[in-house]
Amino acid sequence: MGALMKNLSALRLWICLAFVSVCCAGYSQDVLSLTNKSGNTIEAQVLSLQGSVVNLRMAGGRNYQYPLLNLDKASQDMVLAEIENQRIARVAKTTYGPRSTRATRLAAIQSAGGAVESEAAVIEALDWLQAQQNQNTGAIGTSYPVAMSGLSLLAFLGHGEGLDSPKYGETVSALADYLSERARKNRGMMTSGEEGFHECYEHGIGTIALAELIGMTRQLKQRGDLAEYEVAFKKAIKIILDGQTDTGSWRYGFLTRGGSDDMSLMGWQVQALSLAKESGTDFSGLDRALQKAAKCSAAMQDPEGAFVYRPDSAEGKFSLTGIGIANLTAGGEKASPAYAKGMAYLEKNSKTLPSSYYSAYYHSMVFLQAGGSGWQSYQSGPMKTLLARQMADGSFPGYNGFGKDDSVIMQTALGALMLEVYYRYPVQ
């Protein structure tokens, strides 16, 4: 079998390049013309490989088991390439599959018209984030460590780096441990400990990170003990569900009475609930909550298509429109007039990349999901600018409006997540 693994390794580059068509067009098994060492030709489909035995489907539909080593070298390579293509195609159809390997990531980037250089840029950003981790607490960030740790963890997970990642596994584990610890110490709330409007933002972001960690680990069958994280995750989702208002939004302090609905805050809670559906953990009420949030978001759209910050706001904001559209998508309203009007507004006003990536993070996701000329324009404009803005050390320039002392961390995590958009939540 050592020789077989060496053959498979030699085929990886070819598979990376060929995978684009597999990923985009769907995978169908072809009839291969194989030759055995006696010179005889075998016309068959390759079904699977068990040890050193190939399961073939012959003409007429009869299945047949054949020793792989009885084939000549070229036919062995064909069989191994076919098996690998089938594996990648299966993985690519799952939520987390496209981010799982370099081959799947490159395929997703190329199929969406992205720059291959973005893969190296993501790794540089992850290396920079890893260097910011507090070795005592496991957190990243000082002003809002829960939010920054959550965003950083999402950036690692977005690249397929789980608890068993050779390079980043310890970083991922320490970040998840920190978030779970904060939840334990705050009755389920993932917060840095200081009261204020940021608490609900931090909780939403931390919950999204645990949702992705649990869902990705299970779906990709990665190694790692999820028991501790699942306890924190279940409590975190319950807090979000219980905190939703009758109108479908969320308010500071997760108040269900008093205060005001908040579009920016709503976006993080919606992402958390949406990812909870993919986590493999059972929850009730997720679909209903997402539908309520979508209805609330549609009611917070102005006549131009932009989405307002609060229901009593005079007019919508460009910076919030991506959030509103994402909420509509999560609630199953992608075919609604509100979605179409929002995308038209966003396409008209998204010619350049803003200094803050808070809004651009959402823009990259909704443009990719919408596809068409809007995505092509965003890809050739703001996404190209994003690559050019990365600093030599792998970070992205800070922005004074968000994050206080954590501004560079926040921008770098969000920048990495934008560059991962091709394979993080690709269009299936």
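The values are calculated or read from the model by the stated rules, or taken from the named source; none is laboratory data. All values reported here derive from a predicted model rather than from experimental measurement. Note: ideal-geometry Cβ built from the backbone for every residue, glycine included; neighbour counts use all protein chains shown.
For the reader, a short list of remarks on this structure follows.
- TYR378 being in contact with a Ser or Thr (Cβ under 7 Å, 6 or more places away or on another chain) and in the same structural domain as GLN132 (by TED's automatic domain parsing): yes
- Residue within region 79-94 that is farther than 17 Å from ILE42 by Cα, among the polar types (S, T, N, Q) and touching an Asp or Glu at 6+ places or on another chain (Cβ under 7 Å) present: no
- Among the residues of region 336-354, those that are in a helix (DSSP H, G or I) and either of a type in the set (Lys, Arg) or over 22 Å from GLY415 (Cα atoms) (or both) comprise PRO337, ALA338, TYR339, ALA340, LYS341, GLY342, ALA344, TYR345, LYS348.
- Qualifying residue in region 155-169 (condition: among the charged types (D, E, K, R), more than 28 Å from ASN186 (Cβ to Cβ), in contact (Cβ under 8 Å) with a residue 40 or more places away in the chain and not in a helix (DSSP H, G or I)): yes
- Selection from region 170-207 of residues that are in a helix (DSSP H, G or I) and acidic (Asp, Glu): GLU170, ASP177, GLU181, GLU199, GLU202
- So LEU129, is it within 30 Å of ALA183 (Cβ to Cβ) and either modelled with pLDDT of 95 or more or surrounded by fewer than 22 Cβ atoms within 10 Å (Cβ to Cβ) (or both): yes
- Subset tally (residues that are surrounded by 16 or more Cβ atoms within 10 Å (Cβ to Cβ) and either under 15 Å from SER279 (Cα atoms) or in contact with a Cys (Cβ under 7 Å, 6 or more places away or on another chain) (or both)) for region 228-246: 8
- Within region 146-200, the set of residues being charged (D, E, K, R), surrounded by 17 or more Cβ atoms within 10 Å (Cβ to Cβ) and within 23 Å of GLN244 (Cα to Cα) comprises ARG182, GLU199.
- Consider region 403-428 and keep the residues that are within 21 Å of TYR201 (Cβ to Cβ) and polar (S, T, N, Q). The one that is surrounded by the most Cβ atoms within 10 Å (Cβ to Cβ) is THR412.
- Scanning region 113-126 for residues that are part of a loop (DSSP other than H, G, I, E, B) and surrounded by fewer than 19 Cβ atoms within 10 Å (Cβ to Cβ) returns GLY113, ALA115, VAL116.
- Taken together, GLY138, GLY97 contain a single residue that is in the same structural domain as PRO166 (by TED's automatic domain parsing), over 18 Å from GLY394 (Cβ atoms) and touching a residue at least 12 places away in the same chain (Cβ under 8 Å), which is GLY138.
- All of ALA108, ALA103 fail the test of being at pLDDT 90 or above and in a helix (DSSP H, G or I), apart from ALA108.
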